[in-house]
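The values are calculated or read from the model by the stated rules, or taken from the named source; none is laboratory data. Remember, it's a predicted structure, so these values are computed and weren't measured experimentally. Positions of Cβ are generated from backbone atoms using ideal geometry, with glycine treated the same way; all protein chains shown enter the neighbour counts. Protein only, heavy atoms only, side chains kept; ligands, DNA and RNA dropped before computing areas. Shrake-Rupley method; radii C 1.70, N 1.55, O 1.52, S 1.80 Å.
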Amino acid sequence: MKKALMFVLAALLIVTMAGIASAQFKATMKLASATPPDHPYNVGGQKFADLIKERTGGRIEIRVYPAGQLGKGEREMTEGIQQGAIDLLVSSTGPLGGFSPSINILDFPFLFRDFNHVDLVMDGAIGRKLLADFEKANIKGLAFWENGFRHLTNNKRLVKKVEDGKGLKIRTMENKVHLAAWKTAGLNPTPMAWGEVFTALQQGVIDGQENPIAVIHSSKLWDAGQKQFSFTAHVYSPSPLLMSKIKFDAMPKEDQELFLKTGMEVAKFQRKLNRDAEETRMKEMASKGVTVTRDVDRESFKKAMAPSYEQFSSQFPRAEIDAVMNAK
Ligand code: EAX
């Protein structure tokens, strides 16, 4: 009886201590991104901040820093996450393969059928495993938010089939899988941090680039001469919400669970926000003088890029790629 009472008292003490610990834990955090304030990364970021503040009774305040305010590119900001200088980051997978190699499996062209297929993979076992892999790089992967399906823009000519793009000098993310796909397709890709792209387009250093509609629209690329938009949807671009593992581990368990739960919850909100706005954004691009070509021969791009898969067969065996491609 005495032993049982001691046990109950000890359990009560632990719970009370945990409650006191989280009740006392206070923090002000920075959430960074490379995109303009009205981009879904930052609207999602503000939603996350509001929910965390509300659910912690104001103990944890998060401020959103868009447009590369905390670093000229996603690589630099991811290093900031590793060092604990930045608390949270929404980043494309662009440079992330350099931190967590397994994430590059999502970067193969024409891997995803549609948004439903995307959600299935990102919120399923494959997605959870890829997020967990970031811990080896001292990064906590909270959830998969969205960049979107990527499309080609250029300032030279209308591109309907892959042959029309031959020789175009285009910027890609610092991503070996994307680089290989465009090289194999016969274009002339060059890797570059997002913060440098607008000027490089204006100065004619590059002819074009590829990005989801929200990035092209929120960055007003038509002002950098990008008057040709081709609806290639050649690759899906996920954007994990990453957290400094140092900062994550420093939070009481209760708050850690809250960040994971809220991160997944906002993922649904953020993806919907991104997808629902695409039509309107394309219409507005057309009103800015952009030729929006929707009837692109996507099969020609798919066929031309397919051989690039081979270059990574040792790192990503076909079976692993098929597991993503055939997820149902
Ligand atoms: O994450 O670098 C890119 O093209 C990304 O799509 C952009 O930074 C948003």
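Identify, from the list E320, E278, the residue that is farther than 30 Å from V43 by Cα and either acidic (D, E) or touching a helix residue (DSSP H, G or I) at 6+ places or on another chain (Cβ under 8 Å) (or both).
Exactly one of E320, E278 is farther than 30 Å from V43 by Cα and either acidic (D, E) or touching a helix residue (DSSP H, G or I) at 6+ places or on another chain (Cβ under 8 Å) (or both), namely E320.
Which number in (1) closer than 30 Å to D164 by Cβ; (2) without any contact (Cβ under 8 Å) to a residue 40 or more places away in the chain marks the one condition that K272 misses?
(1)
Just to be sure, is E257 closer than 26 Å to L273 by Cβ, surrounded by fewer than 17 Cβ atoms within 10 Å (Cβ to Cβ) and modelled with pLDDT of 95 or more?
Taking the combined requirement at face value, the residue satisfies it.
Please go through region 132-157 and give me each residue that is out of contact with any strand residue (DSSP E or B) (no Cβ under 6 Å at 6 or more places or on another chain) and aliphatic (A, V, I, L, M), ordered by number.
Selection gives A132, A137.
Can you pull out the residues in region 94-123 that are touching a residue at least 60 places away in the same chain (Cβ under 8 Å), in a loop (DSSP other than H, G, I, E, B) and open to solvent by 10 Å² or more (accessible area, probe 1.4 Å)?
Listed by number, the residues that qualify are F110, F112, D123.
(1) assigned to a helix (DSSP H, G or I); (2) surrounded by 15 or more Cβ atoms within 10 Å (Cβ to Cβ): which one isn't true of K53, the others all being true?
K53 satisfies every listed condition except (2).
Considering each of G127, G141 in turn, give the residue that is assigned to a helix (DSSP H, G or I) and open to solvent by less than 60 Å² (accessible area, probe 1.4 Å).
Working: G141 fails: assigned to a helix (DSSP H, G or I).
Exactly one residue qualifies, and that residue is G127.
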